[in-house]
Every structure is written in C-alpha cells, then in structure tokens.
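Written below as structure tokens is the structure these notes are about.
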Amino acid sequence: MTDTVLDAAAVPELLRRGELTVRARLEDASNATLYCVATLDGVSLPCVWKPVAGERPLWDFPDGTLAGREVAAYEVSEALGWNIVPTTVFREGPYGAGMCQLWIDHKRADDEPEPVAILPAVDPGPAWKPIAHVVVPDEQGKEQPALLVHAAGDVLQRIAVFDAVINNADRKGGHLLPGPAGHVYGIDHGICFHVEDKLRTLLWGWAGEPLPASARAALTSLAEELHGALGVRLGKLITPDEVEATRERVRVLLAEGRLPKPDGRRHVIPWPPI
C-alpha cells in the first residue's frame, strides 16, 4: 500500500469507488466480514467489507438490512461531529452490495487504558465506572469476585449518548477500538435503529445522569438535521418508521436532559460483554 497521506475528505470517495481486493476473512464475526484493500488512482486504504449476501438472518431485524444500518450509524456519527464511527459507505463489491468501512489499526501504547476492563472487586476509583459484579478464575482456577468496568472519560460518555440515539442493541467491549490520543471508535452497528427499545450496552455508567452541555448542543443540532437532509439520507438506509423513531429518541433525550436508565424488564448488557 502507498504511504500517501489522504485528506479526510478523500477517504469516502476512495472507499466508494476504489477496487476492492479481499485479503482475509475475520472468522470471529457473526456475519461475513472481509478484510480488504481499496485502491483508486494508485492510492490504497485497508478496509472492512461486509456484503449483504453474507448477513445471517435475525428474527427481529429485516433480512438484508444490516449493511444499511451500519452506514446510517456513520451518518449520525458525522452529524453529531464526534467521529465515533470510522468512514463507512454503501457500495457494490465482491459478492454484491454491502458496506465498506475504513479499517482502524491503532496499536495501543502500554500506558493507554482499555475502554473496558475487569478489575478486583474493590472501589475502582474515579477513572472507572462499575457496571456489574462478575466472577473470574484465579491462577489456580478458583472463581474470584471481580468488577466489570468501563472508562469514565468524556470519550465513552459521547458513545453512550450516540448509542442511545441509534438504539444500539449490541455495544460490546470488543466493539470499542482505542485510537490515537485517547480517541475511541465504535464499530459493528448492524443491529441498530429498531423502532422498539433494544438498547444493550456496557456503557451504563452514566445511566440517569444529566447530559453534559456539549451533548445537548450536539443533539439539538442533530434534531434539526434529522428533519432535513440527514433524515432524507437515512430514509434510503432504514425504514421511515425507524427514521421517525430516531427523531423521537433525540426529542426524549433533550426533553429529559439525561441519559437513559435500564427499565428492568429485559437484559440490557450484551452477551458476551467483552
């Protein structure tokens, strides 16, 4: 691949029009997920390719819609201005139509904490938000109590707000990718935007807490865009009812001024959590 540094504005066009060369399949993914290289005019970028033909049917999401939901999540991320979802486009490629997403390949430094961790069952301190009590085996294989926690910084709080907007049904720890300078990316948004409440996430640390001023400002702008050009673009990726449900979730977040809390009537942490 070339060492050419691309302007950020050129990345969507390269992913949209570049020739895709399949290099490998990611075997841990539940749907067909291919590691590819997109090449256009001698410039190449690594990317993830998820063809619609490789999607596994789900009982609660219409068949063949997961790729569109991934692109819709990127559109919302961009409208919020938080750069949560790597650049994602819908296009034709190997095995038909699908979604193409920029590959994130950041090697975490030793002093960079993971977004999610399992710690001893004591007060984790202000840097962490406890989520659940768990048990883990020690060196002798004996189960010991521990805490499942996530980082307490603003970066993950923005992702928690984002997930509430898109109704993310699968925010596992493995779907949070550390990036440069403490940034965290969110990936795997194929089961989002359902009209029913399906929020399942590890990021419950701010449940019921007031929205920060920066989030309120971003949501206010998003609400306007959802009634304009953004709403039109989403309408090509998800159903009209799902677009309207997204508008309603944003309205409720702004009206209540708080992050949602679990309702206690269903499982709200995805499995496996990490």
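Any of Lys50/Lys172; Lys236/Lys261; Lys129/Lys261; Lys142/Lys172; Lys172/Lys198; Lys172/Lys261 with alpha carbons more than 22 Å apart? Name them for me.
Distance filter (> 22 Å) returns Lys236/Lys261; Lys142/Lys172.
Using helices alone, what [θ] at 222 nm do you get for the chain, with -39,500 (n - 2.57) per DSSP H run of 4 or more residues, divided over all residues and rounded to the nearest 500?
After summing the helix terms and dividing by residue count, I get -8000 deg cm²/dmol.
Classify the stretch 190-269 as rounded, prolate or oblate, taking a ≥ b ≥ c as the square roots of the eigenvalues of its Cα gyration tensor: rounded when a/c is under 1.5, otherwise prolate if a/b is larger than b/c and oblate if not.
oblate
Using a 1.4 angstrom probe and counting only protein chains, how large is the accessible area of Trp82 in Å², to 10?
30
For Rg and Dmax of the Cα atoms in Å, several values are listed as (i) 21.4, 73; (ii) 22.9, 73; (iii) 19.0, 59; flag the one computed from this structure.
The value matching this structure is (iii).
Give the accessible area for Ile187 in Å² (nearest 10); use a 1.4 Å probe, count only protein heavy atoms, and leave out ligands, DNA and RNA.
Ile187 has an accessible surface of roughly 30 Å² with all protein chains in place.
Where the centre of each part is set by its Cα atoms, how far does the stretch 181-228 sit from the stretch 73-98, in angstrom?
16
For the chain, build the charge dipole from Cβ charges (+1 Lys, Arg; -1 Asp, Glu) around the Cα centre, then report which of Thr246, Asn31, Thr21 sits farthest towards its positive end.
It is Thr246, whose Cα lies furthest towards the positive end.
Could you run the Karplus curve 6.51 cos²θ - 1.76 cosθ + 1.60 with θ = phi - 60° over the stretch 18-27 and give me ³J(HN,Hα) per residue in whole Hz, x for Gly and Pro?
In residue order, the calculated couplings are x, 6, 8, 10, 6, 10, 6, 10, 7, 6 Hz.
Pull up all non-local amide H partners of Val184: gap of 5 or more, or a different chain, and H-to-H distance under 5 Å with H placed in the peptide plane.
For Val184, the qualifying residues are Gly179.
In whole Hz, what ³J(HN,Hα) sequence does the stretch 170-178 give by Karplus (6.51, -1.76, 1.60; θ = phi - 60°), x for Gly and Pro?
7, 8, 7, x, x, 8, 10, 10, x
Select from the stretch 1-99 those GluC sites (Glu not before Pro) which occupy a DSSP coil region and have at most 10 other Cβ atoms within 10 Å, ordered by residue number.
Here the GluC sites (Glu not before Pro) that fit, given the DSSP loop and packing criteria, are Glu27.
Can you pull the percent of the chain's accessible area that's carbon plus sulfur, 1.4 Å probe, other chains left in place?
Within the chain, the accessible surface is 54 percent carbon and sulfur.
Which ³J(HN,Hα) values in Hz, rounded to whole numbers, follow from the phi angles of the stretch 121-134 under the Karplus curve 6.51 cos²θ - 1.76 cosθ + 1.60, where θ = phi - 60° and Gly and Pro get x?
6, 9, 4, x, x, x, 6, 10, 10, x, 10, 7, 7, 9
Please identify the GluC sites (Glu not before Pro) of the stretch 112-196 that satisfy two criteria: DSSP loop assignment and at most 13 other Cβ atoms within 10 Å. Which are they?
Qualifying residues, ordered by number: Glu139, Glu196.
The values are calculated or read from the model by the stated rules, or taken from the named source; none is laboratory data. It should be emphasised that the depicted structure is a prediction, and the values quoted were computed from it without experimental measurement. Positions of Cβ are generated from backbone atoms using ideal geometry, with glycine treated the same way; all protein chains shown enter the neighbour counts. In case anyone asks, the SASA skips ligands and DNA or RNA and just uses the protein heavy atoms, side chains included. Shrake-Rupley method; radii C 1.70, N 1.55, O 1.52, S 1.80 Å.
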